[in-house]
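FYI, it's all coordinate maths here, none of it is from the lab. Treat the numbers as computed from the prediction; the structure is a model and nothing was measured. Here the Cβ positions follow ideal geometry from the backbone for every residue, glycine too, while neighbour counts run over all protein chains shown.
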Amino acid sequence: MLEIAQNAALQWGLEGAEVELAARRENVVFRASTPGGDYALRLHRPGYRSDAELTSELEWMAVLAEGGLDVPAPLATRDGRFMARVAGHQVDVLRWVPGAALGRAGELQGVADRPGFCHALGAAMARMHDVSDAWAQPEGFTRPSWDRAGLLGEDPLWGRFWEHPHLDASERALLSRVRAAADDVLSRVEGEADYGLIHADLISENMLWDEGRIYLIDFDDGGFGFRDFELATFLLRFEDAPDYAELRAALCEGYAARRRVREADLDLFLLLRALTYPGWIADRLGEPGAAERSERAVATALRSAWRWLDRMGG
C-alpha cells in the first residue's frame, strides 16, 4: 500500500513528499508531507463508490471549501482531475486539516463547553446546506439518496436492518412494525421537509476540533437527504447523556439561526438514524470489534423503536 501511495503522489505533483500511514479505516489514509504543506492521500475502500460518485463527492467538497466551510479541500492532479486510479485503487488527495479527534461517537473529548460546541456545529451544518443549495451541480453529479426508499425501502442504503442475523423473532417483528409505521409518517411529512445534499455521517469521529474551529471530514456517505436527518445523526449518540436536552436545544438553535428546523419531526429522524446501524454492521460482522458494535447497534435500534412507538401512542 505504501508503494502505491508513493507512486500516486506523483500524479498530484508531490515529488519528494514524505509519505506515511496515518489511518486504516474504511479508507486507507496516508499523510504526504511536503515543504509546501501536508496532504491526506486516500486509497478508497474497493467497490464502495463508483468513480462518478467519488468524483462528485470531491467536486462538492471543493465547493464547500471555496464557500468558507472548514472541510478538507481536494487537490487536483496534474491533468485537472480530483480522482485517479493507481494500481486498481481509487485515489484522491485532500489538504491536511489541523485539529484533535473528539473521540468515539457520543464523545466530545477536549471540549469544555459542550452546548457551545453544539451551537457552533448547528451553525456549520446550516452553512454547509446553504452553500450546497446555492451550487449548480455539474452534469453527471451522482451521490446516494437518503430518501424514504434509501431509509425504509426494500433495499435501504445501509441494508435491511430488520433482517440483522442476531435479531430474534420478536425483535424482527418489532423492527418490521416500526419500519411500516415510520414509513407511513415519513410519507406524510416528506413533502414539507428540507431536502438536499447532506454529509449524512456527522458523528464525533468525523470531526476535528482546533481552537474553537470544527473541521468536518469523511464525506464518504454524503448524498441527498433530509436536513433534519443530519442533525439527528449527531444527536443520536447523545440521547442518554445527562445534558442531552441542552445539547439538542443548542444544536437546533445554532442551525435555526440560518435555516428551518422542524423539531416536531426530529424524533422521527432520530429513529430513522438508529435503524440504519444494524443494517450497516450486518455486512461487517467478520471485522475486528464488530461483535461489540453489532450488539450496540441492535440495542440502540430496539430502544429507539420502543421509545418512538410510545411517543406515537402505539
Simple spin-label model, 7 Å along Cα-to-Cβ: residue 291 to residue 240 in nm?
2.0 nm
Apply 1/(1 + (r/R0)^6) to the Cβ-Cβ distance of residue 34 and residue 145, taking R0 = 41 Å, and write down the FRET efficiency to the nearest 0.05.
0.60
How high is the FRET efficiency between residue 87 and residue 137 when r is their beta carbon distance and R₀ equals 35 Å, given to the nearest 0.05?
0.70
Starting from the 7 Å offset along Cα-to-Cβ, what nm value, one decimal, do you get for the label separation of residue 169 and residue 189?
3.4 nm
Taking the Cα centre of region 101-311 as origin, work out the dipole magnitude from +1 charges on Lys and Arg Cβ and -1 charges on Asp and Glu Cβ, in debye rounded to 20.
260 debye
q = 0.15 Å⁻¹: log10 I(q)/I(0) that the Debye formula gives for region 101-311, counting C-alpha atoms only:
-0.99
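Pop the C-beta distance of residue 79 and residue 311 into the FRET formula with R0 = 51 Å and round what comes out to the nearest 0.05.
0.40
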Could you grab the relative contact order for region 1-139? Cα pairs under 8 Å, six or more apart, rounded to a whole percent.
20 percent
When Lys and Arg each count +1 and Asp and Glu each count -1, what net charge do the other residues less than 13 Å away from residue 95, Cβ to Cβ, add up to?
-2
